[in-house]
């Protein structure tokens, strides 16, 4: 049975308004999550994105081609039941944020980090009320309690669906500030991803690109851009 693949059993997949939000109907039957919960999402745009994935399936269902469905399932089955734990885990990135840890040489890398990350730190201070301090090296040095509390406050007010998107934006980039910048639409998702990869890009330029690392990079970038797209359907 290990090779068993679920087959398509429906003809039509359509979004529908229901109590508490929107869902997707397969030949009139409501889609459920892997945990057998009713698939109820907050916006019609997200329901339409999910329905489009189900319509696009061939004879056999391929879950890897259904990122909006997977994200919605995660929000309902995983994030909502343990919201506080997920929020705390994401907020903790603020104390070791990628953009705060800098090189002291070579000078070209120092300047590249500063050009990409200093504006984000300024934005965190002025817009989020969370001034952060840059550090040289990789040894952890805690940020101020006030700044960490301000960043945590930005996380705890989100919905489970928003938190699901932010989780991926933060964990993939290694930066709570970059995740919140994507959430707020400060820059395009692709530009924010580029800023999160300053060190990796530098290493590839100096030592040459590694094929396996490049493949991993492409997968992570795709997931980051999807998280931003998922977030856009919630607005």
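The values are calculated or read from the model by the stated rules, or taken from the named source; none is laboratory data. No experiment lies behind these values; they were computed from the predicted model shown. Methodologically, a virtual Cβ is constructed for each residue, glycine included, from the backbone with ideal geometry; neighbour enumeration extends over all protein chains shown.
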**Q.** Tally of residues being within 12 Å of residue 10 (Cβ to Cβ) and assigned to a loop (DSSP other than H, G, I, E, B) across the range 23-39
**A.** 3
Q) Where in the range 40-135 are there helices (runs of 4 or more DSSP H), lying fully within it, with 1 or more residues that are over 20 Å from the mean Cα position of the chain (by Cα)? A) 44-55, 107-127
Q | Condition broken by residue 169, with the remaining ones in (1) buried (at least 16 other Cβ atoms within 10 Å of the Cβ); (2) in a loop (DSSP other than H, G, I, E, B); (3) in contact (Cβ under 8 Å) with a residue 40 or more places away in the chain satisfied | A | (2)
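Against the definition (in contact (Cβ under 8 Å) with a residue 40 or more places away in the chain and either surrounded by fewer than 16 Cβ atoms within 10 Å (Cβ to Cβ) or closer than 24 Å to residue 235 by Cα (or both)), how does residue 116 come out, yes or no?
Values: in contact (Cβ under 8 Å) with a residue 40 or more places away in the chain: yes; either surrounded by fewer than 16 Cβ atoms within 10 Å (Cβ to Cβ) or closer than 24 Å to residue 235 by Cα (or both): no.
Judged against the criteria, residue 116 is not a match.
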Q: Tell me which residues, restricted to the range 66-103, are in contact with a strand residue (DSSP E or B) (Cβ under 7 Å, 6 or more places away or on another chain) and under 22 Å from residue 234 (Cβ atoms).
A: 72
Q.
Among the residues that make up the range 194-203, is at least one of them part of a helix (DSSP H, G or I) and within 14 Å of the chain's Cα centre (by Cα)?
A. yes
Q. Before we move on, is residue 98 farther than 16 Å from residue 187 by Cβ and either modelled with pLDDT under 95 or surrounded by 15 or more Cβ atoms within 10 Å (Cβ to Cβ) (or both)?
A. no
